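Heads up, the thing below is written out as structure tokens.
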Amino acid sequence: MQYIILLRGINVGGRTIKMDELKKSFEKAGYADVVTVLQTGNIILDSKEKNINKVHGAIESLLTKTFNYPAKVLVITPEQLRTVIEQYPFTNYGPEYHRYVIFTEKGFEKEMAKQENELDKSIEEIKAGNDVLYWRVLKGKTLDSTFGKYMAKAGTKHFLTNRNVNTLEKILTKCV
């Protein structure tokens, strides 16, 4: 079964993991057809395991042991990723905007969406999806926007990993 693994917190804050080392660690652990996409911790692989929760646990354990850090990952199927991309709600964007998907756990996207009334809609918009929060923000404003600042704080308490929709589309093109 094919899975997409999105790693959180690598190649930031002094933790550097080279993609070829990452790929080799997955192959050594028995995963097949391992592909890394870009340099931001995106992996596609095949596993004999059909239970996504078991794959999730095994991969976090593998990364924690291999690279000596408390690994946190998101494991999804290509079908789930396709749905996330298709449901991106903001159609009024152009090259001046970043389109992000923030992956959350335990319904935290609903809590994050409560920030909507605080936002300057000319700069950014958010909308909750299913275990994701969609965010459209003007380029150059990502870190100093109201929601960007909120997300930096929330990310220290909850599992969050985000990807630009362009990155997610590239990952999907590499899937079988």
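Taken over segment 109-125, the criterion of being surrounded by fewer than 19 Cβ atoms within 10 Å (Cβ to Cβ) and not charged (D, E, K, R) is satisfied by A113, Q115, N117, L119, S122, I123. Picking from residues in segment 126-176 that are modelled with pLDDT under 90 and touching a Ser or Thr at 6+ places or on another chain (Cβ under 8 Å), the one that is surrounded by the most Cβ atoms within 10 Å (Cβ to Cβ) is L160. Whenever a residue of segment 59-74 is under 12 Å from F26 (Cβ atoms) and in contact (Cβ under 8 Å) with a residue 24 or more places away in the chain, its partners that are among the small types (G, A, S) and crowded, with 16+ Cβ neighbours inside 10 Å, lying with C-beta atoms within less than 7 angstrom and at least six residues away or across chains, give the pairs L62/S25; L62/A29; L63/A71; T66/S25.
Go through the residues of segment 22-32 one by one and say whether even a single one is surrounded by 15 or more Cβ atoms within 10 Å (Cβ to Cβ), within 27 Å of A152 (Cα to Cα) and under 18 Å from the mean Cα position of the chain (by Cα). Checked against the condition, which is being surrounded by 15 or more Cβ atoms within 10 Å (Cβ to Cβ), within 27 Å of A152 (Cα to Cα) and under 18 Å from the mean Cα position of the chain (by Cα), segment 22-32 yields at least one hit.
The values are calculated or read from the model by the stated rules, or taken from the named source; none is laboratory data. Please read these numbers as outputs of a predicted model, since none were measured by experiment. Here the Cβ is made from the backbone with ideal geometry for all residues, glycine too, and neighbour counts use every protein chain on show.
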